[in-house]
Every structure is written in C-alpha cells, then in structure tokens.
Amino acid sequence: MVTALLIVGLIMMIGGIAGCILPLLPGPPLCFLALLIQQLNGAPPFTTNFLLIWGSITIVVTVLDYVIPVYGTKKFGGSKYGIWGCTLGLLVGLWLGPLGIIIGPFVGAFIGEIIASNNSSTALKSAFGSFLGFLVGTLLKLVVCLTMGWYFGAFVYRLVVT
C-alpha cells in the first residue's frame, strides 16, 4: 500500500510541477494532493498545521495565477483580448518547444491587442504587461510546487532510509 501511495503521489507531484508551465494542469493543487495522499500511509508524515498552511498557500497561489496576468495586462493598458491572446499564444507555443513557451504568450498578447486597439505601440505595451504577468504567475507556481516537491522528497527519503 505504501508503494502504491508513493507512486500515485510521485505522478501527481510531477504532473503538478509540469502544470506550472502547462495551462491545462492545475499545478499547485496537484502537488498539494500528492502531499495529502501521503497522509494515508501508516504514519502520517505531515502535521495538520503543515497541511492547513500549504492548503492555504495553494488556494492563494491558484487565485493569484488568474489575477496576476489580468493585473499586468490592465496595468500596462491592455484588454481581455491581450489576456486571451497570451493564453492562446502559450498553447501554440507549447508545440514549438521551450522557446515557444516563452515567446508564444508575448506574441499572442500582441496579436490580441492589435485586434482590439489596432495601435501597435499600445499593443506592444500591453503585450509586455500580459507577458510579465504570465511570467510572475508561472514563477510563483513553480516556487510553491518545487517547495512542496522538496517536502515530498524529504518524506520519501526518510521512508526509504529508515
């Protein structure tokens, strides 16, 4: 049973870390579920306070992931077309490799803003804001997921060594 829980937890942790970059996977919630699943082991590895804190962090980061790009776009004068363009650019960029993941959101936001405003300087400025919001949100999710991954790894290490 312990091995099965570890394998399921590991798959969820890997999926959660991948979800920091892939927009279709909920990164932090998957990582948090990986920690929760380990509580089903014979000796629960995490305290209730630890799980409540990480559950709260997961909720806050998940909400901020939707708020930060919108804030970045609006702060730089963008519209919802820029936000949608950023998201679609990321999806297209996934097919183009690592560089596409970085360039896709910016180009998508720029095209979305060109459609909305037909002004290239406004579109460039708001595309930068949308892209910056995307990067901040992704970095925040990645830090949270990698930290949960570290706790998961520490648990697995203690389990294997003892």
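The values are calculated or read from the model by the stated rules, or taken from the named source; none is laboratory data. What you are looking at is a predicted structure, and each value in this text was computed from that prediction instead of being measured. Ideal geometry is used to build each Cβ from the backbone, glycine not excepted, and the neighbour counts take in all protein chains shown.
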For residue 155, the lone unmet condition from (1) under 30 Å from residue 41 (Cβ atoms); (2) under 15 Å from the mean Cα position of the chain (by Cα) is (2)
Every listed condition ((1) at pLDDT 95 or above; (2) more than 16 Å from residue 144 (Cα to Cα); (3) surrounded by 15 or more Cβ atoms within 10 Å (Cβ to Cβ)) holds for residue 46 save (1)
So, first residue without any contact (Cβ under 8 Å) to a residue 24 or more places away in the chain in segment 139-162, second residue part of a helix (DSSP H, G or I), Cβ within less than 9 Å, six or more apart or across chains; the pairs are 143/61; 147/31; 147/54; 147/57; 153/13
In segment 119-162, anything outside any helix (DSSP H, G or I) and either among the hydroxyl-bearing types (Ser, Thr, Tyr) or surrounded by 16 or more Cβ atoms within 10 Å (Cβ to Cβ) (or both) is listed as 162
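Restricting segment 23-43 to residues that are closer than 30 Å to residue 99 by Cβ and either surrounded by 15 or more Cβ atoms within 10 Å (Cβ to Cβ) or among the acidic types (Asp, Glu) (or both), which is modelled with the lowest pLDDT? Give the derivation first.
So in segment 23-43, the residues closer than 30 Å to residue 99 by Cβ come out as 23-31, 34.
Subset that is either surrounded by 15 or more Cβ atoms within 10 Å (Cβ to Cβ) or among the acidic types (Asp, Glu) (or both): 23, 26-31, 34.
Values: 23: 71, 26: 88, 27: 92, 28: 95, 29: 96, 30: 96, 31: 96, 34: 95.
Result: 23.
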message: Here is a check on your reading of the model: is residue 66 hydroxyl-bearing (Ser, Thr, Tyr) and over 16 Å from the mean Cα position of the chain (by Cα)?
response: no
Those helices (runs of 4 or more DSSP H) completely within segment 1-118 that have 1 or more residues that are over 18 Å from residue 153 (Cα atoms) are 48-75, 80-94, 98-117
*asked:* When you check residue 57 against the structure, is it of a type in the set (A, V, I, L, M) and either under 17 Å from the mean Cα position of the chain (by Cα) or surrounded by fewer than 17 Cβ atoms within 10 Å (Cβ to Cβ) (or both), yes or no?
replied: yes
